[in-house]
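What follows is a set of notes on a single structure, which appears directly below.
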Amino acid sequence: MTQSGYFTGFTCVKCGTFASPDRDLLLCPKCDGLLDAQYDYALLARKLDRAQLSRRANDVWRWQELLPVLDPSRIVTLGEGGSPLLQCNQIGETLGLKNLWVKSDATASPTGSLKDRSITICATKALEFGYKVLSCDSTGNKASSTAAYAARAGLKSVVFCPYETPLPKVAQAIFFGARLIRVKGHYSEINAMYRKLIHSGRVKWYDCGTDNPFRYEGKKTYAYEIAQAFNWSVPDWILQPAAGGMSIVKTWKGFQEMKKMGWIDRLPKMVAVQATECAPIVAAWEKGLNNVPGIGKGPTIASAIAVSNPGPLGDWTLQSIVASGGAAVGVSDDEILTATKTLAREGLFVEPSGAVTISALPHLLKSGRLDPRERVVCILTGSGFKDFERILEMVTIPEQGIQGYEEMLAAAESIA
Ligand SMILES: Cc1ncc(COP(=O)(O)O)c(C=O)c1O
């Protein structure tokens with residue numbers, strides 16, 4: 001079975017070259033620019049019934065006609081996507097926000113992070129194209145996701161991570177059967193070397209990294225899920241953590257697609273949030289630049305999003321933010337830790353990198369950009385279990401234990 005002509009191919013973001021939908025491509029064959037998947041929106045608008053789609057399983061593949069897959073019979077899924085959208089009145093009240101929501105991939109993804117939304121597409125395409133091995137470079141979450149979906153698809157996996165990657169992410173990837181290679185150096189250096197390796201043709205692995213244009217599309221489902229959850233009304237603001245910013249680019253694209261198809265009548269403002277210690281997109285946005293120069297990288301607790309040189313993807317992210325009338329916000333490590341603890345008070349267990357959107361809210365309020373009455377959605381992207389050493393640093397575990405009922409009673413009465 002094939003999808004009937006919805007996904008029509010790719011165009012290059014840089015030179016406009018068109019590539020047909022059946023091609024196994026990473027970058028533009030002409031100029032090495034990033035590729036953007038194209039669809040027949042007139043056909044989609046005619047054929048897709050939103051109410052009917054809503055009756056499908058609540059996962060990424062609910063939106064399969066809007067994804068670049070030609071053979072849906074080979075979909076590799078672990079039930080990713082469909083994460084909860086929760087109103088956060090306690091945090092909202094503390095900040096003076098009346099309409100604050102979080103969408104938590106952190107607490108509802110098969111491997112504990114947003115990466116599952118996009119790696120499900122890669123594993124599916126790898127089967128379509130006949131690969132035997134999935135590979136990626138990663139700050140950790142993409143590696144564990146790649147390993148899990150490779151296992152699910154019956155494929156092997158090879159992942160390259162910075163040496164300092166949090167151990168839970170590394171262990172998770174190995175546990176799923178990945179061959180993990182720890183690389184010394186900054187992630188952006190590792191990314192450049194890994195991409196060189198993939199484009200050298202010396203290995204025949206299916207790349208689930210930053211050049212894969214099929215993978216990007218999985219992130220669009222954020223937009224569809226949010227619009228649907230609000231009964232096709234669009235929030236005023238969407239805040240997302242940004243490494244290269246792929247989630248922002250594609251969430252923005254998802255909203256634009258829905259507008260084209262007549263599903264929604266307005267667009268949200270998009271906000272990229274980065275740790276100030278490693279914030280090239282924020283620096284470029286604050287200077288009003290059209291592109292994102294690389295910067296030196298300082299140490300930050302938000303290791304998952306510490307990308308000092310996002311390259312053309314960073315430029316695309318910047319353009320998406322600007323086109324939406326949004327912003328880019330840098331937040332300090334202290335602010336990130338506070339946000340992580342604040343989320344715990346709402347029962348949400350989020351790794352520091354995945355919690356940065358909450359730390360950006362006071363900045364947006366202070367600058368006057370955000371009106372306290374507006375509807376805001378903060379995306380949470382990685383589980384607290386993913387960076388567990390950071391969590392351990394934030395709690396004091398009692399050293400002594402009690403024994404027997406009398407001691408339990410005494411302990412209980414000392415609390416009550
Ligand atoms: C926890 C977490 N949040 C957010 C991101 C940002 O991803 P991107 O900028 O590619 O959308 C990453 C990327 O590694 C991540 O691990």
Out of 227, 173, 291 - ranked by how far each Cα lies towards the positive end of the dipole of the range 156-303, with unit charges on the beta-carbon of charged residues - the top one is 173
What the Cα atoms of the range 156-209 span along the principal axes, largest first and in whole Å, is 31, 26, 13
Calculated from backbone phi, Karplus (6.51, -1.76, 1.60) coupling profile of the range 288-295 in Hz, x at Gly/Pro:
x, 6, 9, 9, 10, x, x, 10
May I have the convex hull volume per residue, in Å³, for the Cα set of the chain?
160 Å³
Cα atoms only, the range 1-84: Rg and Dmax in Å?
14.5, 42
The range 215-260 to the range 49-122: how many Å between their Cα centroids?
10 Å
For residue 345 and residue 70 in the same chain, what is the full-extension length gain: residue separation times 0.36 nm, less their Cα-Cα distance, in nm?
94.6 nm
Straight-line reach from residue 260: which lysines have Cα under 25 Å away, leaving out those fewer than 8 places along the same chain?
14, 47, 103, 219, 220, 250, 269
With springs only between Cα atoms under 10 Å apart, run a GNM on the chain and tell me which of 73, 233, 144 wobbles the most.
73
Run through all the Cα pairs of the range 122-281 and give the fraction in each 5 Å bin from 0, expressed as whole percent.
2, 9, 16, 17, 18, 15, 12, 8, 4, 1
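At most 15 other Cβ atoms within 10 Å and a DSSP loop assignment: could you name the chymotrypsin sites (Phe, Trp or Tyr not before Pro) in the range 225-273 that fit? Write down the numbers at each step before the final one.
Working: sites: 230, 232, 237, 252, 255, 263; in loops: 230, 232, 263.
Of the chymotrypsin sites (Phe, Trp or Tyr not before Pro), the ones in loops of the range 225-273 whose Cβ has at most 15 other Cβ atoms within 10 Å are 230, 232.
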In terms of Cα to Cα distance under 19 Å, which aspartates and glutamates are near enough to residue 341, apart from those fewer than 8 places away along the same chain?
93, 105, 333, 351, 387, 389, 393
Would you mind ranking 217, 277 so that the residue whose beta carbon has the fewest other beta carbons within 10 Å leads the list?
277, 217
Residue 230/residue 8 FRET efficiency (R0 22 Å; Cβ-Cβ; nearest 0.05):
0.15
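Given an 8 Å cut-off on Cα distances and at least 6 residues of separation, report the relative contact order of the range 130-174 as a percent.
45 percent
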Sorted by Cβ neighbour density within 10 Å, fewest at the top, the residues 175, 214, 10
175, 10, 214
Give, as ranges by residue number, the residues of the range 212-239 whose backbone N falls under 12 Å from the point 7 Å along Cα→Cβ of residue 53.
220-229, 232
Excluding same-chain residues fewer than 8 positions from residue 297, which lysines have a Cα within less than 21 Å of its Cα?
142, 184, 287
To make sure I understand, if each residue's beta carbon is the centre and we count other beta carbons within 10 Å, what order do 414, 247 fall in, fewest to most?
414, 247
So which trypsin sites (Lys or Arg not before Pro) in the range 139-244 are both in a DSSP loop and have at most 13 other Cβ atoms within 10 Å of their Cβ?
184, 202, 204
Can you give the convex hull volume of the alpha carbon atoms of the range 121-196 per residue, in Å³?
76 Å³
Which loop-located trypsin sites (Lys or Arg not before Pro) does the range 310-374 contain, where loop means any DSSP state but H, G, I, E or B and the Cβ has at most 15 other Cβ atoms within 10 Å?
345, 373
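All of the numbers you see were taken from the coordinates with simple rules; none came from a lab. Just so it is clear, the model here is predicted, and its values are computed rather than measured. Positions of Cβ are generated from backbone atoms using ideal geometry, with glycine treated the same way; all protein chains shown enter the neighbour counts.
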